[in-house]
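Have a look at the structure below, then the notes.
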Amino acid sequence: MQQYLSGRFDPRGRYVVGLMYPSPDGWKHGDRTLRCGLQFSASSGTPLPINGSAADHDQSKTFEPGICLGINQNLPTDPVDCAQAHAVEIISTVDLGQHFQGPPPSKEDQDKFMEDECGRASTDYLGSPDAVRNKTLTVFFDYLDARSWLAGSRKLDCMIGKGTDREGFAPITGSAKGDILINGQAPVPPPNSGRSTPAPLPGAAPLPPQPQPR
């Protein structure tokens with residue numbers, strides 16, 4: 001795998017190593033070949049479709065805006081219809097390579113850049129600077145560690161969800177562009193403090209750690 005990717009494998013990225021074993025019938029007929037490959041996997045380990053060669057792609061684990069990621073044990077899982085319970089909704093993908101050059105940027109620098117970018121993205125996606133606050137949601141984003149950066153990954157998703165008092169997310173149904181339910185209840189906008197716009201992304205933070213597919 002490292003040889004195939006010229007030593008540039010992102011362990012936190014889109015791809016995991018997959019194995020293809022001989023079928024029972026093939027084994028009976030002498031097939032003893034074990035094939036190694038790279039696959040984009042669901043959290044259950046089920047392969048998801050990809051196009052092109054992994055060797056030619058940015059390995060960043062990103063999704064298209066409008067995709068909702070399901071929820072299991074308060075953490076995001078795989079893409080689902082936004083009408084189903086989900087943890088977060090993707091609102092934008094940001095290319096950090098357009099802003100940072102050279103060595104891996106610090107997490108603090110990434111957080112500051114992503115907070116600004118995701119703030120603008122939430123206004124564009126929802127159509128109002130007040131929408132995130134009024135729907136009692138928070139903007140979330142991940143970060144790229146040095147291993148990912150050195151492997152060539154440069155992209156991160158901006159997403160919106162509802163954090164809980166414990167680590168993780170509350171289940172949301174419906175796209176944030178329309179009416180949503182959080183834990184089965186319609187969100188109640190907080191009292192207006194008199195400002196024309198909300199405080200900048202209160203609680204904006206990277207996603208909690210997620211278990212890796214086995």
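The values are calculated or read from the model by the stated rules, or taken from the named source; none is laboratory data. Just so we're clear, the structure is a prediction, and the values are computed from it rather than from any experiment. No Cβ is skipped: glycine too gets one built from the backbone with ideal geometry, and neighbour counts run over all protein chains shown. Each accessible area value is taken on the protein alone, full model and side chains, heavy atoms only, with ligands, DNA and RNA left out. Shrake-Rupley method; radii C 1.70, N 1.55, O 1.52, S 1.80 Å.
At the listed q of 0.12 Å⁻¹, the Debye profile of segment 1-81, built from one uniform point per Cα, gives log10 I(q)/I(0) equal to -0.48. Note on the chain: Rg/Rh from C-alpha atoms, Kirkwood Rh, equals 1.04. Among the cysteines of the chain, 36 have no other cysteine beta carbon within less than 4.7 Å of their own. Taking amide H positions as modeled 1.01 Å from N, with prolines and chain starts lacking one, the residues under 5 Å from residue 41 and 5 or more places away or on another chain are 16, 48. The overall shape of segment 85-202, judged from the alpha-carbon gyration tensor, is prolate: a/c is not under 1.5, and a/b is greater than b/c. Ranking 89, 117 by solvent-accessible area of protein heavy atoms (1.4 Å probe, all protein chains present), from largest to smallest, gives 117, 89.
The alpha-carbon of residue 177 sits under 29 angstrom from the alpha-carbons of these lysines, leaving out residues fewer than 8 places away in its chain: 61, 112, 135, 155, 162. Between 187, 129, 76, the GNM of the chain built on Cα springs shorter than 10 angstrom shows 187 fluctuating the most.
Highest-first packing order for the peptide set 172-179, 4-11 is 172-179, 4-11, based on the mean count of other beta carbon atoms within 10 Å. Overall, the accessible surface of the chain at a probe of 1.4 angstrom is composed of carbon and sulfur to the extent of 50 percent. Positive end of the charge dipole of the chain (Lys, Arg +1 and Asp, Glu -1 on Cβ, about the Cα centre): tell me which of 189, 82, 16 has its Cα farthest that way. With unit charges placed on the Cβ atoms, the residue in question is 16.
Rounded to the nearest 10 degrees, the inclination of helix 107-126 to the longest alpha-carbon principal axis of the chain is 70 degrees.
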